[in-house]
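Take a look at the structure below.
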Amino acid sequence: MSYTEDQYNAFEQRMHEAHPEMFAKPYGGFAVGAGWWPIIEALCNNIQSHINFRNSKPDKAIPQVVVHQIKEKFGGLRFYYEGGDATVDGMVRMAESWASRHCEECGKPGTSRSGGWIRTLCDEHEAKRQAQMKTRFGDEDLQKSVLDGMLGEEN
């Protein structure tokens with residue numbers, strides 16, 4: 001993931017300050033690339049806005065969303081939480097779907113890429129990943145053997 005520790009810390013602080021109720025419990029940080037940070041930020045903003053609106057009407061109150069974990073898994077965004085309602089569930093599914101079509105590194109349009117870890121990347125970041133794998137594993141036959149072994153496939 002291509003971001004500096006300072007960039008990560010600034011994003012984390014901004015999220016904690018904007019949504020202290022959502023990040024009130026330990027949750028493991030943001031285990032995704034910086035390309036998905038705007039998606040997460042928009043999701044949290046929309047969730048909290050919805051909760052605040054609903055909870056301004058005592059007869060329609062819903063539980064506060066509390067984040068348990070935010071991570072990448074199988075090339076997709078995973079946002080684990082408690083609280084909310086069906087509208088929040090829909091917001092989360094939409095954000096996860098949106099992330100699956102955007103590069104995790106830069107946020108540009110991307111697609112799911114296999115070969116070792118499954119990642120959602122744009123063409124530029126996939127080319128960089130392929131170059132790194134070629135450097136790391138050598139020729140294409142060795143790379144294929146290593147990747148097949150990582151994926152548990154037979155030659």
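Only the coordinates and a few stated rules stand behind these numbers; no lab work does. Because the structure is predicted, anything quoted here is derived from the model rather than measured.
Below is a table of values for the structure above.
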read-out: Calculated [θ] (222 nm, deg cm²/dmol) that DSSP helices of n ≥ 4 give over the chain, each run adding -39,500 (n - 2.57); value: -15500 deg cm²/dmol
read-out: The range 35-94: C-alpha gyration tensor shape, a/c 1.5 cut-off, then a/b vs b/c; value: prolate
read-out: Residues of type lysines that K73 reaches as a straight line, Cα spacing below 28 Å, ignoring anything fewer than 8 places off in the same chain; value: K25, K108, K128, K134, K144
read-out: Most fluctuating residue given options T120, T111, T135, as computed from a GNM of the chain linking Cα atoms under 10 Å; value: T135
read-out: On Cα atoms only, tilt of 140-151 relative to the major axis of the chain in degrees; value: 40
read-out: Label of the coordinate-derived value, semi-axes √(5λ) of the Cα gyration tensor in Å, listed as (1) 24, 19, 16; (2) 36, 16, 13; (3) 39, 21, 12; value: (2)
read-out: For the range 1-63 and the range 92-134, distance of Cα centres in Å; value: 22
read-out: Acute angle (nearest 10 degrees) that the helix 123-137 long axis makes with the longest principal axis of the chain, alpha-carbon atoms; value: 50
read-out: Relative contact order (%) - criterion: Cα under 8 Å, at least six apart; region: the chain; value: 19
